[in-house]
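Below you'll find the structure, written out as structure tokens, and then a few comments.
Derivation of every value follows stated rules applied to the coordinates shown; laboratory data play no part. On a predicted model such as this, the values are computed, not experimentally measured, just so you know. FYI the Cβ positions are ideal-geometry reconstructions off the backbone, even for glycines, and counts take in every protein chain you see.
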Amino acid sequence: MTIAATYAKALRSLVLENPTTGKEFLTNLRLALQKRGHEKLLPQIFAEYQKLELAQVRATQASAVTPERERTRVLFELYKKLTQPK
């Protein structure tokens, strides 16, 4: 895991715990990066943060049960019952 990914993961966990103070977290992150000399990592941190957000959205969409998915599951179960040797 890169430094930028670590920063992004930490920022995301903070924002998820307390979403109302997200702007304050960003300000503090920028100050911490300046202090450590890592300010050039800010665009990479942003990109990693976006990847984490996108992964969460995709995971939510993949786990959602739609009527089509439920119908497919039921049909597959019926198919398995019909094709099992007796």
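If only one of L26, L14 is within 18 Å of the chain's Cα centre (by Cα) and hydrophobic (A, V, I, L, M, F, W, C), which one is it?
Every option except L14 fails the conditions.
Going through Q56, Q34 one at a time, which residue ends up being without any contact (Cβ under 8 Å) to a residue 60 or more places away in the chain, part of a helix (DSSP H, G or I) and touching a helix residue (DSSP H, G or I) at 6+ places or on another chain (Cβ under 9 Å)?
Result of the check over Q56, Q34: Q56.
Considering the range 1-17 alone, what residues qualify as being of a type outside the set (S, T, Y), out of contact with any Phe, Trp or Tyr (no Cβ under 8 Å at 6 or more places or on another chain) and either in contact (Cβ under 8 Å) with a residue 12 or more places away in the chain or loosely packed, with under 13 Cβ neighbours inside 10 Å (or both)?
M1, I3, A4, A5, K9, L16, E17
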